[in-house]
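Quick notes on the structure that follows.
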Amino acid sequence: MKVYFYSEILCYVKIDCNYVGIVDKNYNYLTLFGNELIEFTPKNHAYLPYATTLDGEKDNLIKFYDGYLFVPKFVKVRNLPYKLILQKCYHDKFTLTVVTDGAIKFYLEGVFNATDELPFLPVDIDFKIVNNYVFIIFKNKKHAIFVYDIHGTLCFKNIADNYEIDKELKIYIFNGDFCPLNYNVYYTFDTPFSVTKTEIISYETTNFFTPYMFLTLLKNGVSIKDFLTNDLILRENELKDFIGNFTTVLLPLNNEVGKVLCLNNNEIKHLKFVILNDKITNIFIDD
């Protein structure tokens, strides 16, 4: 059978102990019987390698064009020696602790308690309290931003390339997976904590990339109005319900203009976009 492989975590692949290449966000396919031993070794050592056969993964094979799509599901390394990275007090109200035991985690104690996992090891931390919101920004090449209200409810969590905190939170994001997409998002400190506006700085204005960028913004909770005609802007909530939940945006296999795929768990939804003058005029499911 023909099997396409896709992974957001770059990994090296062996088939029956023979190295065959890498799997990443570009589709690669092999013709397999199903009983071959497939070994996936992530380049990022924060994830565990694993081995399997497609015969043992039948529930995870997704019908895809003229074959099947397989997305390896990696598990993070756990139970490594516990290590305290930092512990610091802020504003005489909170104590922030960052530790690693395979995963990188933070613990916040004080007026309220909170914990979460970090995507990377921080080299610096920006801790602010503004308008009864607690901002914790873990800095490295990118910035992991967490915002809590004074009761300890997580209001915002995202990774940004840059940020500003003044009368509102401004984050800058560059998405360069397949096409350049730079945008700013502004969030108000009022109740509830919410988006006030989105600025698209630059993007590839082609009918091929427009659906991908539109769904990328939608997945990240960013305003999509810049991509819609006035008629569709009025039906924005209806449009979101129609598209439904998804975790990954995939480009079409054969570079079909106006088509894009949404992956949610083990289901793929094929969407067809009608585009006129760089604006989306209609969206329908393309079976």
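Observations on the structure shown:
- Within a Gaussian network of the chain (alpha carbon springs, distance under 10 Å), most fluctuating of 35, 158, 245: 35
- For region 33-40, putting each phi into the Karplus relation 6.51 cos²θ - 1.76 cosθ + 1.60 with θ = phi - 60° gives couplings of 7, x, 9, 6, 7, 10, 10, 10 Hz, in residue order, rounded to whole numbers and with x for Gly and Pro.
- Checking every one of the chymotrypsin sites (Phe, Trp or Tyr not before Pro) in region 74-174 against DSSP loop status and a limit of 15 other Cβ atoms within 10 Å picks out 82, 112, 120.
- In a DSSP loop and with at most 16 other Cβ atoms within 10 Å, the chymotrypsin sites (Phe, Trp or Tyr not before Pro) in region 1-42 are 27, 33.
- Value of [θ]222 nm, deg cm²/dmol, for the chain, DSSP H segments ≥ 4, -39500 (n - 2.57) each, nearest 500: -2000 deg cm²/dmol
- Once exposed loop trypsin sites (Lys or Arg not before Pro) are cut out (DSSP; at most 14 other Cβ, 10 Å), longest piece of the chain: 168-234
- For region 50-168, the spread of Cα coordinates along the three principal axes comes to 58, 37, 28 Å, biggest extent given first.
- When the square roots of the Cα gyration tensor eigenvalues are ordered a ≥ b ≥ c, the ratio a/c for region 206-285 is 1.5 or more and a/b does not exceed b/c, which makes its shape oblate.
- Placed amide H near residue 118: partners under 5 Å, 5+ positions off or other chain: 104, 105, 106
- The charge dipole of the chain, taken about its Cα centre with unit charges on the Cβ atoms of Lys, Arg (+1), Asp and Glu (-1) only, comes to about 440 debye.
- Value of Rg/Rh across region 40-101 [Cα atoms, Kirkwood radius]: 1.27
- 37 °C / 0.692 mPa s Stokes-Einstein diffusion coefficient of region 2-70, Kirkwood radius on C-alpha pairs, µm²/s: 269
- Size estimate for the chain follows the Kirkwood approach: the inverse of mean 1/r over distinct Cα pairs works out to 21.5 Å.
- Put simply, the amide H of residue 228, placed in the peptide plane, has neighbours under 5 Å in 280, leaving out anything fewer than 5 places away on its chain.
- Near the amide H of residue 194, within less than 5 Å, lie the amide hydrogens of 188, all on another chain or at least 5 residues away, with H placed in the peptide plane.
Here, each number is a calculation from the coordinates, and none is a lab measurement. This structure is a prediction, so every number in the text was calculated from the model and none was measured. So basically every Cβ, Gly included, is an ideal-geometry build from the backbone, and we count neighbours across all protein chains shown.
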